[in-house]
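Notes follow once the structure below has been shown.
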Amino acid sequence: MIDLRFDQRFDNIEPFDEKIWLSSPTMHGEELKYMEEAYASNWMSTVGIHIDKIERQLAEYVGVKYVVALSSGTAALHLAVRLAGERLYGTPQAGIGSLAGHKVFCSDMTFGATVNPVAYEGGEAVFIDSERDTWNMSPEALEYAFRRYRDVKLVVYAHLYGTPGKMRQIRKICDAHGALLIEDAAEALGAVYCGISAGNFGDYAVFSFNGNKIITGSSGGALLTNIEEDARKARKWSTQSREEASWYQHEQIGYNYRMSNVIAGIVRGQLEYLEEHIKQKTRIYQRYKEGLCDLSVEMNPWDVENSKPNFWLSCCLINREAMCESVRSEKEYLFVHVFGKTCPDEILEVLKEFHVEGRPLWKPMHLQPVYRNHLYITIDGEVSTDLFHRGLCLPSDNKMTEEQQNKVIKIVCRCFE
Ligand SMILES: *Cc1c(COP(=O)(O)O)cnc(C)c1O
């Protein structure tokens with residue numbers, strides 16, 4: 001344990017009075033106005049003008065024909081996975097998942113919510129390693145996986161931390177193997193690759209409006225697709241699969257996944273500030289890049305020529321030569337500090353002492369006990385395992401001032417002393 005009182009590296013630095021967050025909601029006022037409109041008109045449920053409005057706005061912004069506003073990004077992923085499953089393998093009987101008995105290629109380094117819906121539908125996630133260039137799923141490893149497991153027809157791909165993956169290559173590989181692509185763009189709203197918005201590459205794509213995303217509805221999500229029939233199905237499934245009849249008639253399994261008009265009001269207000277948030281996040285990233293340039297670290301990389309990330313979270317990777325000895329068990333860690341070296345767990349512990357929130361990178365799915373018996377495809381060493389070992393997310397809150405960020409940078413620098 002770090003004890004600031006006895007650690008000379010941190011002499012003369014005081015903890016922050018107010019906590020510096022990793023990424024917290026940033027409200028502007030319009031959100032409240034639209035919520036009040038919903039209240040005043042009594043459209044307080046899952047129908048209303050805010051829902052219609054944000055569906056149209058998102059469709060136009062991303063360039064996709066249909067958007068269905070839902071209760072969460074996870075709900076959107078579940079519907080996307082079921083739509084893909086039924087399209088590929090037909091409609092199953094009630095109680096049997098649409099992917100039962102089928103393998104699905106999934107990003108390995110991501111949030112569990114990306115891949116859990118495959119299990120909801122009875123599928124078997126096969127994890128594909130990351131690439132060094134963007135930390136997203138490696139196109140080469142995906143191509144290898146398709147050659148190794150020839151009957152796989154579905155890919156679930158996540159853009160990490162707002163950095164778009166190499167979607168032209170990924171799309172081409174999926175097309176060549178006749179596979180559908182689900183794009184988890186939960187972290188990447190507003191990011192662009194080759195002039196095309198994240199969310200416009202998959203057969204189905206997903207956004208999240210969870211509280212720590214680049215814009216938020218407090219919760220919420222959206223499903224995007226160009227397939228009219230599937231948009232209609234998603235809408236129906238999300239509202240308990242009611243048939244048009246005077247009583248509750250059900251021909252399919254349904255869910256309670258629709259977004260509320262109140263939440264949609266918040267999202268509507270936030271959408272007006274998306275570009276501003278991206279600008280703020282970009283500046284935060286640039287300041288870290290400059291402030292940490294003398295340390296033996298790299299910032300999270302992106303395809304500088306072709307992509308424009310939304311810089312949702314700034315992350316850094318400690319170079320191997322600057323890593324002190326450290327080990328992690330399932331839930332605990334140990335490290336031995338030596339001069340000039342540190343590790344993510346030490347930096348995170350120090351930040352916490354100063355009242356600053358950081359986070360390890362996503363723990364790869366193939367290392368999660370719940371998925372431990374699943375396949376993991378890697379062609380270049382275990383890239384995702386290595387990133388997890390050496391990387392961390394730095395506080396990237398929109399409301400962090402330049403002064404506060406300079407202090408965070410100073411604290412991180414001192415960890416290397
Ligand atoms: C946040 C997130 C989700 C889940 O979104 P919720 O709205 O919280 O359900 C899914 N995938 C990724 C990559 C995320 O970061």
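FYI, it's all coordinate maths here, none of it is from the lab. The model shown is predicted, which means the values in this text are computed figures rather than measured ones. All Cβ positions, glycine included, derive from the backbone under ideal geometry; neighbour counts span all protein chains shown.
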Q: For segment 103-164, report the translational diffusion coefficient in µm²/s to the nearest whole number, using Stokes-Einstein at 20 °C, 1.002 mPa s, and a Kirkwood Rh over Cα pairs.
A: 182
Q) How big is segment 214-260 in terms of Cα radius of gyration and Dmax, in angstroms? A) 12.8, 42
Q | Among 382-393, 50-61, the order from most to least packed when residues are scored by Cβ within 10 Å on average | A | 382-393, 50-61
Q) By how many degrees, 0 to 90 and rounded to 10, does the Cα axis of helix 402-415 deviate from the longest principal axis of the chain? A) 60
Q: Starting from segment 108-184, pick out the trypsin sites (Lys or Arg not before Pro) whose DSSP state is loop and whose Cβ has at most 14 other Cβ atoms within 10 Å.
A: R132, R150
Q. For segment 352-417, what are the per-bin percents of Cα-Cα distances with bins 5 Å wide, up to the bin holding the maximum?
A. 3, 13, 19, 19, 13, 11, 10, 9, 3, 0
Q: Return one quarter of the surface area of the convex hull spanned by the alpha-carbon atoms of segment 116-211, equal to its mean projected area, in nm².
A: 6.3
**Q.** 0 to 90° range, to nearest 10: angle between helix 228-238 axis and the chain longest Cα axis
**A.** 80
Q) Scaled to the compact-protein estimate 2.2 N^0.38 Å, what is the alpha-carbon radius of gyration of segment 36-103, rounded to two decimal places? A) 1.48
Q. What's the angle, to the nearest 10 degrees (0 to 90), between helix 344-353's Cα axis and the longest principal axis of the chain?
A. 80
Q) Taking a quarter of the surface of the convex hull around the Cα atoms of segment 1-68, what do you get in nm²? A) 9.5
(Q) Compute and list, largest first, the equivalent-ellipsoid semi-axes of segment 266-309 from the alpha carbon gyration tensor, each √(5λ) rounded to a whole angstrom. (A) 27, 13, 7
(Q) Considering the Cα positions of segment 290-340, please state its Rg to one decimal place and its Dmax as a whole number of Å. (A) 14.7, 40
Q) Taking the Cα atoms of segment 59-156 alone, what are Rg (to one decimal) and Dmax (as a whole number) in Å? A) 14.4, 43
(Q) List the lysines whose Cα sits under 16 Å from the Cα of K153, skipping any in the same chain fewer than 8 residues away. (A) K103, K172
Q) Which whole-number percent gives the relative contact order of segment 284-411, counting Cα pairs below 8 Å spaced six or more residues apart? A) 28
Q.
Could you compute Rg(Cα) / (2.2 N^0.38 Å) for the chain, with N its residue count?
A. 1.01
Q: Give me W247, W43, W302, W312 ranked fewest to most by other Cβ atoms within 10 Å of their Cβ, as a rough exposure proxy.
A: W247, W43, W302, W312
Q.
How would L334, L313 line up from fewest to most surrounding beta-carbon atoms within 10 angstrom?
A. L334, L313
Q | For segment 32-75: span of alpha carbons on each principal axis (Å, largest first) | A | 32, 22, 16
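Cα-based Rg of segment 203-286 per 2.2 N^0.38 Å, rounded to two decimals?
Dividing the Cα radius of gyration by 2.2 N^0.38 Å gives 1.40.
Place the peptides 293-300, 326-333 in order of packing, highest mean first, counting for every residue the other Cβ atoms within 10 Å and averaging per peptide.
Result, highest mean Cβ count within 10 Å first: 293-300, 326-333.
For the chain, what is the mean residue ellipticity at 222 nm derived from helices alone (per DSSP H run of n ≥ 4: -39500 (n - 2.57); sum divided by total residues; nearest 500 deg cm²/dmol)?
The helix contribution divided over the chain gives -10500 deg cm²/dmol.
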Q | Mean shadow area of segment 295-417 over all directions, Cα convex hull, nm² | A | 9.4
Q.
If I model a spin label at L88 and C194 as a point 7 Å from the Cα along the Cα→Cβ vector, what separation in nanometres do I get?
A. 2.2
(Q) Taking each pair of distinct Cα atoms in segment 324-389 once, what is the resulting Kirkwood hydrodynamic radius in Å? (A) 13.6
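Which ordering of E243, E140, E124 is given by a fewest-first count of other beta-carbon atoms within 10 Å?
Ascending number of Cβ neighbours within 10 Å: E243, E140, E124.
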